[in-house]
Amino acid sequence: MTPLLTDLVAQLATGAIRVVDLANTLSSDFPVIVLPSEFGQCEPFRMETVSRYDADGPAWYWNRITMNEHTGTHFDAPAHWITGRDVPHGTVDAVAPRDFIHPAVVIDISAEAAENADFVVTRAFLEDWEARHGAIPKRHWILLRSDWSRRVGTLAYLNLQDDGAHSPGPDADAMRFLVHARDCVGLGVETVGTDAGQASHFAEPLPAHSILHGNGRFGLQCLTNLDQLPTFGSVIVAAPLKIKGGSGSPLRVIALMQEA
Amino acid sequence: MSSAAKRPRMAYDGVVMAAPITVPYQRFSSEPAHGWAGAALRALARETGLGPRDLDGFSFSSFSASPDSAVGLVQHLGLMPRWLDHVPTGGASGVMALRRAARAVQCGDAAIVACVAADTNQIDSFRHTLATFSRFSQDAVYPYGFGGPNATFALITQAYMHEHGVTRADFGRICVTQRANAGSNPLALQRSPLDLDTYLAARPIADPVHLFDCVMPCAGAEAFVVTTPEIAAARGWPAARIMATIERHNAYPDDPVQRRGGWAMDADELWAMAGIGPADIDCLQAYDDYPVIVAMQLADLGFCPPDAIARFLRDTHFGIDGTLPLNTNGGQLSAGQAGAAGGYQNLTEGLRQILHCPLGAQVPGARRAAISGFGLVNYDRGVCTAAAVLEAL
Amino acid sequence: MTTPRHRLPPPAPRDPLARPQLHPVPPGARSRAMQAMAARATQGRFVLQACTVCDTATYPPRDACPRCWGTLAWHDQPTGGRVLANTVIRVSTDPYFRDRLPWHMGSIQLDAGPVVLAHLARGLEPGARVAMRLMLDRGGNAALFALPSDAAQVPHPEQGATSMSADPQGRTFVVPVAGATVLVSDARQPVGGALVGALAAAGARLVVAGLPGPAPVRDAHDPVLGLPGVQPLPLDVTDPVSVAETVSRIGGPLDIVINTARHVRAGGVSRDGNLLAQHRALEVSAMGLARLAQATAPILAGRPNGAFLDVLSVTALAGDAGHAGFAAAEAARLSLLQSFRHEMRSTGVRVLEVFTGPTDDADYQALPPPKVAPARLAAAVLDALAQGREQTCVGEVAREAMRRWLDDPALFVRETQP
């Protein structure tokens, strides 16, 4: 092994590099995104036992699972959105393995989101954030820490009101800033979508999906434990299933971080 | 009513019955019906010296020989008859087996016919017998509380009591007297004395039927032989002749509740053929699954005026030494009801009384017996009725 | 929904140390003709065979006329009669009746002609006028029940039903709601919602309102879900885990399951057929029923009056070109329901079906009237339970469809697929 990898393994072994699990548990009651009822819907996770040390398999246990590509903690490939339909390597099976591992920057919007479920991340907010924390480095995952994962298991997670879901997300200018000015790898969020709950009503609707994927960038949804990550310095491992022509994939997302 | 022209019934000349057999009853038995039939034939062999190849006619009745019929019994018991009959009429099977066998012997189709009824009573077999008894019962009787015959006869009893002003005490006199008659019958399953107060205080089974109105199901077998007077004489068998018999099925179907049986339709012919009347009878062996049916037979067969049954029950002494000795072995009410053999025991007991070889006490000087059978509660009433008048040779 | 006139006290809590009581069913063997009578009893009809030649009505069911040997056909008959004789059975060798003694029965002279043996309501004596009902017993077989005619001949049909459930023997032929714990599988749709309210008003001890996802925030303050005696629980019949968890969270033993779940979407087979929507319809209608049945049948079987009532579309009978996938799913549901009913015969669990036409809700907004109002459907479900009726058709569309289907299924299929 090269010294570099030997060093990584050693630091993992001592705990100097910590592995943080950013995935929620896949279960049938984990909420999925709800679209207006005239559209096709996202299938929730379902699991049915094939055998469990019983007549259908005396010594083995296994299950049949069904879900949407966008169920639970999941990865959005560029082809997920119409703007990204012609992006090269835009489906999950074609994403370059190089892109499975990227550093991350964590932007904490938890206070703002707690105050206002419809909090919109604007370019101004990001510039202000950079003024306080430093510039967002290039080729990073942008992780929005909203603490929304703490709402999992309550009605407030989807926060489905009579006029639709209410959850925070970016506007179009913020997305253009992150993609073009900061060349981000993608956007990772704790909510069920990279866009805000009400983003279909924005002047430029669903800007996160539209701008990210139109420019070959990725999305990560339903993340958790972002509160454990440093603002700078973590590395995200997010390798989607190799689904032929797939638009996305449920996956286990982990972060590597150096203990202070 | 039948529109077929009625010819006079041929007399039963040249026929006798002999060798009444009763295999002692048991409350429960693990022995199948075939075993009980075998026991009856063993007893018959002891009595008559007949062996399997000596019989050229065989008549069989049973509820519990399934899946076998008389055919199965023939091979089972090593018979080679030239005449075979299966009589499925339950409580009327004794008289009906006699009638058929008599004509076979009279016409030369058979010379010695053994008539056998045998039924076992395993634990819970009564319930199974009930459950598969008849299609109408299965469809339209048992689903209504599964009270068995008790419930059906409760309805008949209630209507009869109402129509005739008969009281429970009137029925009680039948049961109490029959119990007294059973006292001398060592084979009766219930011989301890019964008084009217005990009868009246018994627990209800299906109102107004109470405990002592019901027979006790048991295992048992009965048999007799039908042959020619010549054969009987040659073998030295005491025998009796058949003065008259009748049979009827599904009489009075339009009576909403059964209030009479086929006897009422045919009794005049019975007595005319016999050439005697009820008053000339020394004992009556009537079918007694419930006292109400005994009452019906008394009225329908002319032992009492049709409208005077209540008074008749109060005024008549039915004991062995009484004015009308009735069910002198105790009847099924005291001796037990051994399935189809219950339709035979009236015949064997009547025969014994006039041949003077009773199981218990003898009716003094008895020469003539009337036998009456009643069988098969297919739906809401008994369908088959029969009667015979016998006279000792 | 008004308070029923006769409300029996709720069942006493069971001694937890007592061995669970087995629930045998009445003796079950019947002739084919009697099965045919039961088939008509499922629809709440009072029928007897009558001769096609001499017109004489006959009973018990036969295969030929006892008067003229003509062939027999089933006909609706006047329900009146008079008690000829009655008895109280105090001894029975049958396990089902042994548990329920004393049992009142008697013979009835029917106005239609025949004499029948029948279960008798309390207090009927010889000479009393009665109104007959053709019920199904807990084993699913036809059973004649005599009610006092004054109680049954009032114009309001539900009054007679109340008489059945007010009589101790009558109760064994119906599905009492008062005091029962009831699960409604989908209380989110208007039909299920109306049903939850109606069940609570009818005196159910507990109504568990199943709520499939996604769950809106307003669930927290829904007026029906907040009624006393109503327990909302997340329940998605497409999810075996959810079904198992919901059943495990119901406080106390479950008596009645009412399956209202469905997924109505327009579309054909080759034309406008959305396979995902059709798949979901099958998952909800067919597999959902199977999941609910698997999870609840053992519990229902342990209850003295367990019942499973399914609300389904009458398009299950012959398909529906406009809702092909949904109709197919409902046909599969009906098929499963029939097998499930057969399975439950030996347990005494009643499996009832309520057919409806289009309901007056968002699922059928594109269709013109007549449509069934959710409240009407809810009332019909309660009536089906109160009557113990195996098959009920609610509204003109369902009733007419069933009538035509029974009359000539091949023609009906042609006419419903224009």
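The values are calculated or read from the model by the stated rules, or taken from the named source; none is laboratory data. These numbers were taken from a predicted model, which means no experiment stands behind them. Backbone-built Cβ (ideal geometry, glycine too); neighbour counts: all protein chains shown.
Couple of notes before you dig in:
- B:TYR144 fulfils the conditions (1) under 29 Å from B:LEU270 (Cβ atoms); (2) at the interface with another protein chain (Cβ under 7 Å from one of its Cβ atoms); (3) touching a Leu at 6+ places or on another chain (Cβ under 8 Å); (4) not basic (Lys, Arg) except for a single criterion, (1).
- Single unsatisfied condition, A:SER200 versus (1) buried (at least 18 other Cβ atoms within 10 Å of the Cβ); (2) assigned to a helix (DSSP H, G or I): (1)
- Breaking point among (1) farther than 30 Å from B:ALA295 by Cα; (2) surrounded by fewer than 24 Cβ atoms within 10 Å (Cβ to Cβ), for B:GLU247: (1)
- Counting only strands (runs of 3 or more DSSP E) that sit completely within region C:44-128, those holding 1 or more residues that are under 24 Å from B:ALA154 (Cβ atoms) and not aliphatic (A, V, I, L, M) correspond to C:80-89, C:103-110, C:115-120.
- Residue within region B:224-240 that is in contact with a Phe, Trp or Tyr (Cβ under 7 Å, 6 or more places away or on another chain) and either surrounded by fewer than 17 Cβ atoms within 10 Å (Cβ to Cβ) or under 23 Å from B:ALA335 (Cβ atoms) (or both) present: no
- Under the condition of being farther than 26 Å from C:ARG403 by Cβ, within 14 Å of another protein chain (Cβ to nearest Cβ) and not aliphatic (A, V, I, L, M), the residues counted in region C:31-66 number 7.
- Test result for B:VAL176, of a type in the set (A, V, I, L, M, F, W, C) and free of Cβ contacts under 8 Å to residues at least 40 places away in the same chain: yes
- All positions within region C:215-245 that are within 11 Å of chain A (Cβ to nearest Cβ), crowded, with 19+ Cβ neighbours inside 10 Å and either under 22 Å from C:LEU312 (Cα atoms) or in contact with a helix residue (DSSP H, G or I) (Cβ under 6 Å, 6 or more places away or on another chain) (or both): C:ALA215, C:LEU235, C:ASP236, C:THR238, C:ASP239, C:PRO240, C:SER242, C:VAL243
- Residues within region A:20-64 that are charged (D, E, K, R) and either touching a residue at least 24 places away in the same chain (Cβ under 8 Å) or not in a strand (DSSP E or B) (or both), tallied: 5
- Checklist (1) outside any helix (DSSP H, G or I); (2) surrounded by 24 or more Cβ atoms within 10 Å (Cβ to Cβ); (3) of a type in the set (S, T, N, Q) applied to B:GLN362, failing item: (2)
- Scanning region C:304-329 for residues that are under 27 Å from C:THR181 (Cβ atoms) and not in a strand (DSSP E or B) yields a total of 3.
- Index of the failed condition, C:SER346 passing every other in (1) outside any helix (DSSP H, G or I); (2) within 21 Å of C:VAL257 (Cβ to Cβ); (3) at pLDDT below 95: (1)
- Flag for A:SER210 being in a helix (DSSP H, G or I), among the small types (Gly, Ala, Ser), surrounded by fewer than 24 Cβ atoms within 10 Å (Cβ to Cβ) and in contact with a helix residue (DSSP H, G or I) (Cβ under 6 Å, 6 or more places away or on another chain): yes
- In region C:129-143, the residue that is nearest to the chain's Cα centre (by Cα) out of those that are among the small types (Gly, Ala, Ser) and not in a strand (DSSP E or B) is C:GLY140.
- Filter result for C:LEU195 (within 26 Å of C:MET344 (Cα to Cα), more than 11 Å from every other protein chain (Cβ to nearest Cβ), touching a helix residue (DSSP H, G or I) at 6+ places or on another chain (Cβ under 6 Å) and outside any loop (DSSP other than H, G, I, E, B)): yes
- Residues (touching an Asp or Glu at 6+ places or on another chain (Cβ under 9 Å) and of a type outside the set (Asp, Glu)) located in region A:94-108: A:VAL106
- Check on A:GLY169, surrounded by fewer than 21 Cβ atoms within 10 Å (Cβ to Cβ) and touching a residue at least 12 places away in the same chain (Cβ under 8 Å): no
- Scoring B:THR152 on the criteria (1) part of a helix (DSSP H, G or I); (2) away from every other protein chain (no Cβ under 11 Å); (3) farther than 28 Å from B:LEU44 by Cα leaves a single failure, condition (2).
- Residue in region B:101-120 that is within 12 Å of chain C (Cβ to nearest Cβ), part of a loop (DSSP other than H, G, I, E, B) and among the β-branched types (Val, Ile, Thr) present: no
- If you go through region C:363-374 and keep only what is surrounded by 11 or more Cβ atoms within 10 Å (Cβ to Cβ) and of a type in the set (Gly, Ala, Ser), you end up with just C:ALA373.
- A:PRO137 passes every criterion in (1) closer than 29 Å to A:LEU26 by Cα; (2) assigned to a loop (DSSP other than H, G, I, E, B) apart from (1).
- Breaking point among (1) more than 14 Å from every other protein chain (Cβ to nearest Cβ); (2) part of a helix (DSSP H, G or I); (3) of a type in the set (A, V, I, L, M, F, W, C); (4) without any contact (Cβ under 8 Å) to a residue 60 or more places away in the chain, for A:ALA156: (1)
- Region C:274-312 - residue that is within 21 Å of C:GLY357 (Cα to Cα) and among the small types (Gly, Ala, Ser) and, of those, nearest to the other protein chains (Cβ to nearest Cβ): C:ALA277
- Region A:1-36, residues that are small (Gly, Ala, Ser) and either within 14 Å of another protein chain (Cβ to nearest Cβ) or surrounded by 15 or more Cβ atoms within 10 Å (Cβ to Cβ) (or both): A:ALA23, A:SER27, A:SER28
- Here the condition is being modelled with pLDDT of 95 or more and among the aliphatic types (A, V, I, L, M); of C:ALA12, C:ALA18, C:ALA38, it holds for C:ALA38 alone.
- Residues being in a loop (DSSP other than H, G, I, E, B) and in contact (Cβ under 8 Å) with a residue 40 or more places away in the chain - total across region C:392-418: 2
- Figure legend. Inter-residue proximity from region A:82-94: first residues of a type in the set (Ser, Thr, Tyr), second residues not in a helix (DSSP H, G or I), beta-carbon distance below 7 Å, spacing 6+ or different chains. Indicated pairs: A:THR91/A:ALA77; A:THR91/A:GLY245; A:THR91/A:GLY246; A:THR91/A:SER247.
- Figure legend. Inter-residue proximity from region C:92-105: first residues facing chain B (nearest Cβ under 9 Å), second residues part of a strand (DSSP E or B), beta-carbon distance below 6 Å, spacing 6+ or different chains. Indicated pairs: C:PHE97/C:TRP103; C:PRO102/C:VAL88; C:TRP103/C:ILE89; C:HIS104/C:VAL88; C:HIS104/C:LEU120; C:MET105/C:HIS119; C:MET105/C:LEU120.
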